[in-house]
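Below is one structure, written out as structure tokens; comments come after it.
The values are calculated or read from the model by the stated rules, or taken from the named source; none is laboratory data. All values derive from a computational prediction rather than experimental measurement. Counting neighbours? That spans all protein chains shown, and the Cβs are built from the backbone with ideal geometry, glycine included.
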Ligand SMILES: O=P(O)(O)OC[C@H]1O[C@](O)(COP(=O)(O)O)[C@@H](O)[C@@H]1O
């Protein structure tokens, strides 16, 4: 397994971050599996001895880590996927370090020539750097055939033998960086479609990337906030791990997340109110007055950073939305819908289930509603909730 090194304009020499623990992955983590099966609440999950016959220590520190969870001591998702995950989480630790760096504004100037640009959709410098970090990690993993990134015009063909296809938004919400507001990486993993192997590279790269979200085998995001959280689903629940900066491990802190079936929070940029269709205005007006199916006044929360808004919604319930054609089906809507469904919630474009939509374009955009099942159903019942007016707002 390769250990990545960080080389950047602000590190004088090659600096290796977070060397892997020697006990990776753990073979003996029974308590971890029991807790996962029972869905026993939040909080740090610690391995311990539960009987004289069962030793549940996972090695050095007794906590279940992301790599334990994925590996033979946990879900045993297969060596190829474990290696790929290792490289993805490593890339995300590098990005976490970058977004928290005192030097990231000078890095921005260096790359952008001091001109951040007025086009809000133009890649920001740290998006570009994060994209490069992820691409390099996927290349080093040896397990990836194709990477499709929000930052690239087309999919990148990496390795004909790679069993997996990775789709990613390397750094969402990066316009918030200068104010230290949370950002995030989103990713999804599909199997390479071997039936396309005979096609020219460009064509098979594209078609592999346009798989429907229902074919995802793993989806996840990493939230860069007061804590760095790696949240993932392998198709059997949604689980979150918190970065322990002292060891470099992602430690299982939120096993088997269940989104409340009903929340009391809506999350939307409501400065767009006058561009919304009648149905959406009516829905928001109704729930904030406490006149919806749930007879309490809803609160509003909107960070304008998709991963952060989604993470809060997953934990507290309610609905996080962007009703205009802005967020991307392949890189954002599909992975987050997979995660919310695995937590018992729903992902919709206002009319249909996101995971059932067949992507036709790599950068396809759509309205997105994610959250508690009862809230999303109630919102959909208003019919007319997709914002068609999309003037390309300045901020
Ligand atoms: O301007 P709006 O409609 O509130 O959109 C905000 C959303 O756009 C994003 O910033 C993503 O947009 P970009 O892909 O252009 O960076 C999300 O993080 C956020 O949820």
Quiz item: Looking at 263, 279, 235, which one is on the phi > 0 side of the Ramachandran plot and either touching a helix residue (DSSP H, G or I) at 6+ places or on another chain (Cβ under 9 Å) or assigned by TED's automatic domain parsing to the domain that holds residue 90 (or both)?
Solution: 235
Quiz prompt | Tally of residues being at pLDDT below 85 and not in a loop (DSSP other than H, G, I, E, B) across region 81-138 | solution = 10
Quiz item: Inside region 171-207, can you point out the residues that are more than 11 Å from the ligand (Cβ to nearest atom) and either surrounded by 24 or more Cβ atoms within 10 Å (Cβ to Cβ) or assigned to a strand (DSSP E or B) (or both)?
Solution: 185, 187, 188, 189, 190, 191
Quiz prompt | So residue 293, is it outside any loop (DSSP other than H, G, I, E, B), surrounded by fewer than 23 Cβ atoms within 10 Å (Cβ to Cβ) and away from the ligand (no atom under 12 Å from the Cβ) | solution = no
Exercise. Restricting attention to region 243-255, report how many residues are part of a loop (DSSP other than H, G, I, E, B) and surrounded by 20 or more Cβ atoms within 10 Å (Cβ to Cβ).
Key: 1
Exercise. Identify, by number, the condition in (1) buried (at least 21 other Cβ atoms within 10 Å of the Cβ); (2) within 14 Å of the ligand (Cβ to nearest atom) that residue 240 doesn't meet.
Key: (2)
